[in-house]
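The values are calculated or read from the model by the stated rules, or taken from the named source; none is laboratory data. Please read all numbers here as calculations on a predicted model, not as lab measurements. Neighbour counts run over all protein chains shown; Cβ positions are idealised from the backbone, glycine included.
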Amino acid sequence: MQEVVKGEVKGEDREAQEISVQTISGLVCNGPGACVLGLFFLKNTLWIKQYSIFKHLVMNVPFDSFISQLTEQLKQPLPGKEAHLPMIAPARLATYERGYNLEEARHSSVLLLLYPSAASVLIPFIQRPVYDGTHSGQISLPGGKMEPEDRSPEETALREANEEIGIYPADVKLIGKLSQVYIPPSKFLVNVMIGYQLQAPQLKRDEKEVDEIIQVSIDDLLKETNVTSIAVTNSQGLQFDAPCFFLENKVIWGATAMMLNEFKWILREMMNN
């Protein structure tokens with residue numbers, strides 16, 4: 001196949017160009033040297049520009065300015081279903097489209113925490129231990145079920161983050177939330193809270209509830225090459241292909257992937273603005 005992206009790209013834009021070339025390498029050519037690119041090429045050309053803009057945003061804009069822009073973006077209508085659909089396994093789409101009976105849903109919250117690093121902004125995730133249960137071994141945001149003493153979903157998210165990875169609630173400033181996500185196997189209706197810390201926290205895992213803490217940069221989250229699909233077996237023994245993120249050599253699928261894709265969607269909207 002002929003190279004479809006022309007010209008020399010230098011510096012931080014080169015990585016974005018290489019990502020796009022890899023993504024469109026499977027295009028079909030129609031006639032001598034004429035490639036049918038259509039909207040697919042347009043999408044990936046825009047992605048080169050967006051990814052470069054985002055790297056510039058993260059690496060050259062102070063963290064507090066980045067947070068200020070994100071806070072304003074979170075005041076806009078959330079993409080919700082539109083962002084969730086690409087990360088739902090085809091085998092589950094029909095059930096998702098029909099909707100769920102939430103009368104018996106169990107309320108829970110997770111925390112999507114942002115903090116600065118030398119070259120990016122990081123989000124901490126946890127890997128659950130392997131056990132005989134619904135979410136055995138899975139990657140998720142820190143969080144859990146709402147307890148009777150919790151006065152709000154926000155309080156649940158902060159309490160659970162403190163218990164699971166040692167986050168101090170007083171150090172976290174909450175700036176918004178994502179759309180709720182329902183998890184049919186466990187019947188959890190999950191509230192997704194977004195917050196930040198001005199400095200990287202000293203993370204400490206709960207040895208009973210957390211097998212590993214994984215820190216993911218948001219520029220890695222935005223790379224299209226980190227989205228793929230895998231064959232999974234869920235807690236009920238059903239096997240199916242599921243879209244997922246592959247980040248820090250970890251597979252993130254299911255409800256957490258839906259949450260991440262909505263956050264990714266919001267970041268891209270912020271770049272466009």
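For the range 142-178, filtering for residues that are among the basic types (K, R) and either over 22 Å from S68 (Cβ atoms) or modelled with pLDDT under 95 (or both) leaves 3. Would you check which residues across the range 93-150 are closer than 30 Å to L198 by Cβ and among the acidic types (D, E) and list them? If the condition is that a residue be closer than 30 Å to L198 by Cβ and among the acidic types (D, E), then E147, E149, D150 are the ones that fit. Total residues in the range 69-106 satisfying the condition of being of a type in the set (S, T, N, Q) and more than 21 Å from the chain's Cα centre (by Cα): the figure is 2.
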